[in-house]
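J.: One structure, pasted below without further comment.
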Amino acid sequence: MSSIWPQLEEILDDVQKPARYIGCEDGVITPQHHPSKVSWLLTYPDTYEVGLPNQGLQILYEIINERSDAVAERAYAPWTDMAAALREHKLPFFSVDSHRPAKEFDILGFNLSAELVYTNLLECLDLADVPIHTANREPDDPFVIVGGHCTYNPEPIADFIDAAVLGDGEEVVSDITETILRWKNSDRSSRESILRELATIPGVYVPFAYTPVYEKQELISISPRFPETPEIVEKRTISDLAEWPYPKQQLVPLTEVVHDRLNVEVFRGCTRGCRFCQAGMITRPVRERPADQVRTMINEGIRRTGYDEVSLTSLSTADFSGIEEVVKNTLDDSDCGQLSVSLPSLRVDAFTVGIAAEIQRARRTGLTFAPEAGSWRMRQVINKLISEEDLFAAVESAYSQGWRRMKLYFLTGLPTETDEDTEAIIEMAQKCVEVGRTHQKSPSVTVSVGGFVPKPFTPFQWFGQNTEKELHRKIRLLRDKAKSSRGVQFKWHDTRASVAEGIISRGDRRIGAVIEEVWRSGGVFQEWSEHFNLQLWTEAMEKHGLSLDDYVYRHRTEHEFLPWDHLSAGLHKDFLWQEWRDALDAVGLEDCRWTPCYDCGACTGYGIEHVVASAQPPAGGSQGTGQGNLSAVSVPVSFTGTTS
Amino acid sequence: MKKIRIRFSKKGKIRFISHRDIARIWERALRKAQIKIAYSEGFSPRPKISFGLALPTGNESEAEYLDLELETLIKNDPDELDEIKQKINSALPMGLEVQSVAIKKEGSESLQQSVTSCTWQFDLHGYNTDEANQWLEKILESSEIVVERERKGKVVVEDLRKQVISIEVIGETDTGVRVQADLGTKPRTLRPSELLAASNPPLKARNVCRMNQWMLQGDERVEPLLNNDAPAPSARLADVIRRELKNVRTNGQAHEIGPSQRRISRSKTKT
C-alpha cells in the first residue's frame, strides 16, 4: 500500500530534529502487510525521544510481528512544527517504520503512561483523519485501543477510545488480534457488534458497553449495557516473566533518546506497599525473571546493540533476589571493561550503596535516592519505611566511597503533612551534607520535590489533593529554607501541572469534554513546560460547569462510587480503605514477600503467587522494617528454581 | 602504527541524523564490530575518534572522514584493512557505508585542520539552465556577498563570496537544474544552503550532497583518502554527470540506471 515518504522527505528539511520521523532503528522489523492480517499502529503519544525507549511498546511490537496473522508498526506524536507542516501539506499522521498513513491500520494502539499526554492522543487521531469520538467512527475506521498505567482510570477518555486494556499486554494483544481478525473476515457491517465482542475479552474495557449513572451531578454507578458484558473488568496478569523474554531485539535508535541504553526488565510488580505509588499497587504480585535469563538477555543485548550500558529495570531493582549474582556476572562477562550497569530506583540502604560501588568502579558522580518524605512520621503515613539510620548509613557509605553528589526525591502535599514534616525534607538534606563533609570538601545534595497527585487503586485514592496555592506555599517554604542551607540545591516540579494531572487522574467521563476543549484551544504537549498552560484547563472546567474542588481538592468518602469501581486491579477495596485508615494513623505495613499474606487481593483473587528466586529477604535489611533480620518464614511464593 | 583513517558515505534516510548522533552511531558500531579503540585517560574515558568537518543535517555525502586510534598496533596490510572495513560495514546502519580504510601517517594534520574546500552538488527546483546560469553569474561577478550572523550572542559580518571557489550548472533534472560548487572551509565551512539563502531572492538547495573534501598538497588539491569503491574523481567529472543526466531524462526512470551512476538517483526514495 502507500508510503508517504516522498512527500515527507520534502518537509523534513524544515522541521526541528527530523531524526524523529525517519525510523531506521537497529532492530526494526520490516512490516509484511497483507489484507488478511490485522495491522496495529503502536503509538506513544509524546515525542520520539521519550516514546522510543518505552519497553511496553517494544514488547508488543515484537509479539504482534511474530504472529503470522498480524503486523505492527510504530508511531510517535509529531512535535508542533511537524504537526503544522503535516496540516499545511495535507499529509496524515504516519508510522515511522514504513511511513504509512495511520488510517490504513486496523488498530491504533496508544500507550498511556502519563495523564498529560491525553490531548496528544486527540491530536494524533485528528492528524490521522480519524474521528476523535468513538461514536462518530465508521466500520472502516481504525479501532482506538489504549494500554498502560493510566488506563486504570479510562473514564476521562471514554468518549475517544474504543477499548482500554488493563494490566500486562503480552497475552491480551493476541486475544484482540484474533477477535478483530474474525470481524475483518466477516462483513464488517456494524461497529457495535465488534465493540460488544471486544468487551467480553478479559482485561478489555469497552466504554461504549457501559453507562454511567448520575444522581444530582453525582456519579453513582457505571453499569454494563448488554447481558454478555461483565460487570467488573479485571486486569490481565502474566504469571511468569520467564516465558516472556521480550524485547528480544531492543530497538537502538539512530538519534539520542531518553534511557539510551540496553534495558533488561528483572522483575515486574512490587510489594513494598508505598501508599502513594500506583505502579506498585496495580502491578502486583512480584514476578522475578530467573537470574540466568537476565544474564543471557544482557549478554545477547550488549553484543547485538553495541551499547556500553545496561539498566536493570523494575520498580525497585535492589530488591531483586538475584541482584548480587547478576551484577557480578555482568561485570565479569564484559570483556571490554567499558560496560556500565545502572540501577534505576535505588533502595536506600548501605547494601544498595555496596552494589552501586561495585558497578560504578570508575565514574562516581552522583547517586539518587527517593526517601519521598522528610520525617519518620510522614514515611510511616506513606509506608515508605526508611529509618534515619538506614538513610544516613547509606549516605555515609556513599560519601566515604567517593561519591560527591547526592540527589534525593521527595513528595509534598501528602496526607496529614504539617509544615514541620515539609521542612524536615530540607533538614534531612542538611544532615546528609554534614555527613558528606566528614569525607568530602564540598559535598552537594540536590533535593527534588514534586506535588503529590492521588491515583486510582492506591490507599490515597480518597485523599483530597492539596490546592495549587497550598502546594505553592510549601514549595516556597522549602525554597526559603534551602537558600540558607549550604550545599543543598533545591528543585521542584511545577505545581500548576499537578492540578491538571489531578483533574484527569481521578476524573470521570465528564472530564472528556475538558480534555477536548484544551486540545481544541491548542493545548498539546502538556507534559512539556514550554507548552503547558493551566489556564486552558481551568477555563475548560469552568466552561463545562465542573469544579476543581469537586474533582481534585475534596476528600472522597468511604461509600461513594469511584469512577473506576467497575474495574479491578485485583486489590480489594476494603484492603485499600484499611490502608488509608492506617495511613492516617501513621501505621506502617510490612513487605508481604517476607511475611504471611495479608490478602490485598492481587494474588489470591487470580490464583497466582509471587515468583521470586529466594525466600530470604535480600541482604542488608528491608528499609527499616527489620525484616532483614528475620529467618526465612513460610511465604506465599513459588520459586523460579534457577538460582540458589 | 595505531591510527587509521576511514572514508565513508552517508545516504538515504540517515541523512536526517545529525553529526553528533552519527558520532554516537560510530561508537556503537565499532563496539559491535569488536574493533578495539584506544580510550582517553582520566576521570571520564572517551574513545579516541576524531571526526572531520560536520555535514549539515539533511545533506548526503560521498566523502565523510574520521580518524581513530586503535588499542593495538596494526600493519599496513591491505587484507587486514579490508577486514576492518567489512566488519564495520556489517555493524553500521543502512545508509552509512565505509568506502576505504587506510593507515594514518604519524604526525599528519587532523581532518579539521587540513581540509580547505569541499565539492558539493545540489538541485535548484523550477530553474532552467539559462536562468540558473544568470544566477550563478551574479554570484561570480559580485565582489562581495555580505551576511550578518549571530555567533555566541554577537553579530558577525562575513563575506561569503571569498569562499566560493567555483560554481557551475552541470545538467538539468526533471524539476530544475543540478549545480556543482566548490566552497571553502576556512575559516568556516560555507554550506550550500547558506549561500543560497544569501541570494536575492533567497533560494532553497535540494538534494544536497557533499561529493569531495579537499586538502592542499603543495599546489595540488588531493582528497584525504580516495574512495576505493569508485574511480578517482577527475576534472572530467562534470562531463560524466552530464552524460548521466541525459540518460535519466531519456529513460525517465532514474532507478534503472546502473550502480556506477547512482549519484543521480540519490534523491529518490529508498524504502
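The values are calculated or read from the model by the stated rules, or taken from the named source; none is laboratory data. Keep in mind that this is a model prediction, so the values were computed, not measured. Virtual Cβ from ideal backbone geometry, glycine too; neighbours counted across all protein chains shown.
J.: Go through (1) within 14 Å of chain A (Cβ to nearest Cβ); (2) buried (at least 17 other Cβ atoms within 10 Å of the Cβ); (3) out of contact with any His (no Cβ under 8 Å at 6 or more places or on another chain); (4) hydroxyl-bearing (Ser, Thr, Tyr) and name the single condition residue B:57 misses.
T.: Only one criterion is unmet by residue B:57, namely (3).
J.: Report whether or not residue A:600 is within 23 Å of residue A:373 (Cα to Cα), touching a residue at least 24 places away in the same chain (Cβ under 8 Å) and of a type in the set (A, V, I, L, M, F, W, C). Outline the logic, then answer.
T.: Working: within 23 Å of residue A:373 (Cα to Cα): no; touching a residue at least 24 places away in the same chain (Cβ under 8 Å): yes; of a type in the set (A, V, I, L, M, F, W, C): yes.
For residue A:600, the condition - within 23 Å of residue A:373 (Cα to Cα), touching a residue at least 24 places away in the same chain (Cβ under 8 Å) and of a type in the set (A, V, I, L, M, F, W, C) - is not met.
J.: In segment A:340-359, how many residues are farther than 12 Å from residue A:396 by Cα and without any contact (Cβ under 8 Å) to a residue 60 or more places away in the chain?
T.: Final tally of qualifying residues: 11.
J.: Also, quick follow-up: So which of B:62, B:80 is away from every other protein chain (no Cβ under 14 Å), acidic (Asp, Glu) and surrounded by fewer than 17 Cβ atoms within 10 Å (Cβ to Cβ)?
T.: The match here is B:80.
J.: Against the definition (modelled with pLDDT of 95 or more, aliphatic (A, V, I, L, M), under 15 Å from the mean Cα position of the chain (by Cα) and under 22 Å from residue A:500 (Cα atoms)), how does residue A:164 come out, yes or no?
T.: Judged against the criteria, residue A:164 is not a match.
J.: If you scan segment A:268-282, which residues turn out to be hydrophobic (A, V, I, L, M, F, W, C) and free of Cβ contacts under 8 Å to residues at least 60 places away in the same chain? Working first, answer last.
T.: Initial filter on segment A:268-282 (hydrophobic (A, V, I, L, M, F, W, C)): A:270, A:274, A:276-277, A:279, A:281-282.
Within segment A:268-282, just A:270 meets the criteria.
J.: Go through (1) at pLDDT 95 or above; (2) closer than 15 Å to residue A:107 by Cα; (3) outside any helix (DSSP H, G or I); (4) more than 14 Å from every other protein chain (Cβ to nearest Cβ) and name the single condition residue A:65 misses.
T.: Here residue A:65 clears every test but (3).
J.: On to the next question. From A:265, A:243, A:231, which residue is of a type in the set (Asp, Glu), at pLDDT 95 or above and within 28 Å of residue A:561 (Cβ to Cβ)?
T.: A:231
J.: Related question: Return the residues of segment A:299-320 that are surrounded by 17 or more Cβ atoms within 10 Å (Cβ to Cβ) and over 23 Å from the mean Cα position of the chain (by Cα); say none if nothing qualifies.
T.: Taking segment A:299-320 as the starting set, the residues that turn out to be surrounded by 17 or more Cβ atoms within 10 Å (Cβ to Cβ) are A:301-302, A:305-308, A:310-320.
Result: A:301, A:302, A:305, A:306, A:307, A:308.
J.: Right, something else. With segment A:137-223 as the region, which strands (runs of 3 or more DSSP E) entirely inside it contain at least 2 residues that are surrounded by fewer than 19 Cβ atoms within 10 Å (Cβ to Cβ)?
T.: Hits in segment A:137-223: A:210-215.
J.: Next question, about the same structure. Is one or more of the residues making up segment B:141-148 farther than 28 Å from residue B:62 by Cα, in a helix (DSSP H, G or I), modelled with pLDDT of 90 or more and out of contact with any helix residue (DSSP H, G or I) (no Cβ under 9 Å at 6 or more places or on another chain)?
T.: yes
J.: Further question on the same structure: Among the residues of segment A:280-339, write down those that are away from every other protein chain (no Cβ under 14 Å), acidic (Asp, Glu) and assigned to a helix (DSSP H, G or I).
T.: Result: A:292, A:319, A:324, A:325, A:332, A:333.
J.: Another question, then. Report yes if residue A:276 is within 29 Å of residue A:384 (Cα to Cα), crowded, with 22+ Cβ neighbours inside 10 Å, at pLDDT below 90 and more than 14 Å from chain B (Cβ to nearest Cβ), otherwise no.
T.: Here the answer is no, as residue A:276 does not meet what is asked.
J.: Could you please find all residues in segment A:12-22 being more than 7 Å from chain B (Cβ to nearest Cβ), out of contact with any Pro (no Cβ under 9 Å at 6 or more places or on another chain) and modelled with pLDDT of 95 or more?
T.: First, pick out the residues of segment A:12-22 that are more than 7 Å from chain B (Cβ to nearest Cβ): A:14-17, A:20-21.
With out of contact with any Pro (no Cβ under 9 Å at 6 or more places or on another chain) added as a condition, the list becomes A:14, A:16-17.
Correct list: A:16, A:17.
J.: Looking only at segment B:141-149, decide whether some residue is surrounded by 13 or more Cβ atoms within 10 Å (Cβ to Cβ), of a type in the set (A, V, I, L, M, F, W, C) and in the same structural domain as residue B:221 (by TED's automatic domain parsing).
T.: Yes: segment B:141-149 contains one or more residues that are surrounded by 13 or more Cβ atoms within 10 Å (Cβ to Cβ), of a type in the set (A, V, I, L, M, F, W, C) and in the same structural domain as residue B:221 (by TED's automatic domain parsing).
J.: Something else: Show the residue pairs meeting these rules: Cβ distance below 8 Å; 6+ apart or different chains; first residue within segment B:1-23 and away from chain A (no Cβ under 11 Å) and over 16 Å from residue B:102 (Cβ atoms); second residue among the hydroxyl-bearing types (Ser, Thr, Tyr) and assigned to a loop (DSSP other than H, G, I, E, B).
T.: B:19/B:57
J.: Test of understanding: among A:372, A:358, which residue is away from chain B (no Cβ under 14 Å), surrounded by fewer than 23 Cβ atoms within 10 Å (Cβ to Cβ) and either charged (D, E, K, R) or touching a Leu at 6+ places or on another chain (Cβ under 7 Å) (or both)?
T.: Checking each option against the conditions leaves just A:358.
J.: Also, I was wondering about something else. Would you be able to say whether some residue in segment A:40-57 is among the polar types (S, T, N, Q), out of contact with any Pro (no Cβ under 9 Å at 6 or more places or on another chain) and away from chain B (no Cβ under 14 Å)?
T.: Checked segment A:40-57: at least one residue is among the polar types (S, T, N, Q), out of contact with any Pro (no Cβ under 9 Å at 6 or more places or on another chain) and away from chain B (no Cβ under 14 Å).
J.: With (1) within 26 Å of residue B:64 (Cβ to Cβ); (2) at pLDDT 90 or above; (3) not basic (Lys, Arg) as the list, and residue B:106 as the residue in question, which single condition is left unmet?
T.: For residue B:106, the failing item is (2).
J.: Follow-up question, since we're still on this one. Could you tell me which of the residues A:114, A:77 is under 23 Å from residue A:530 (Cα atoms), of a type in the set (A, V, I, L, M), surrounded by 22 or more Cβ atoms within 10 Å (Cβ to Cβ) and within 25 Å of the chain's Cα centre (by Cα)?
T.: Details: A:114 fails: surrounded by 22 or more Cβ atoms within 10 Å (Cβ to Cβ).
After ruling out the rest, the residue left standing is A:77.
J.: Something else now. Quick test of your reading of the structure: residue B:29 fulfils all but one of (1) crowded, with 16+ Cβ neighbours inside 10 Å; (2) more than 8 Å from chain A (Cβ to nearest Cβ); (3) not basic (Lys, Arg). Name the failing condition by number.
T.: (2)
J.: Take the conditions closer than 15 Å to residue A:482 by Cα and in contact with a helix residue (DSSP H, G or I) (Cβ under 7 Å, 6 or more places away or on another chain) and apply them to residue A:410. Does it pass?
T.: Values: closer than 15 Å to residue A:482 by Cα: yes; in contact with a helix residue (DSSP H, G or I) (Cβ under 7 Å, 6 or more places away or on another chain): yes.
For residue A:410, the condition - closer than 15 Å to residue A:482 by Cα and in contact with a helix residue (DSSP H, G or I) (Cβ under 7 Å, 6 or more places away or on another chain) - is met.
J.: Residues being in contact (Cβ under 8 Å) with a residue 60 or more places away in the chain, of a type outside the set (Val, Ile, Thr) and touching a Leu at 6+ places or on another chain (Cβ under 9 Å): count how many of those fall in segment A:429-465.
T.: 9
J.: I would also like to ask the following. Mind listing whichever residues of segment A:581-611 are at pLDDT 95 or above and buried (at least 19 other Cβ atoms within 10 Å of the Cβ)?
T.: A:583
J.: Among (1) surrounded by 15 or more Cβ atoms within 10 Å (Cβ to Cβ); (2) within 13 Å of chain A (Cβ to nearest Cβ); (3) under 25 Å from residue A:252 (Cα atoms); (4) charged (D, E, K, R), which single condition is residue B:46 missing?
T.: For residue B:46, the exception is condition (1).
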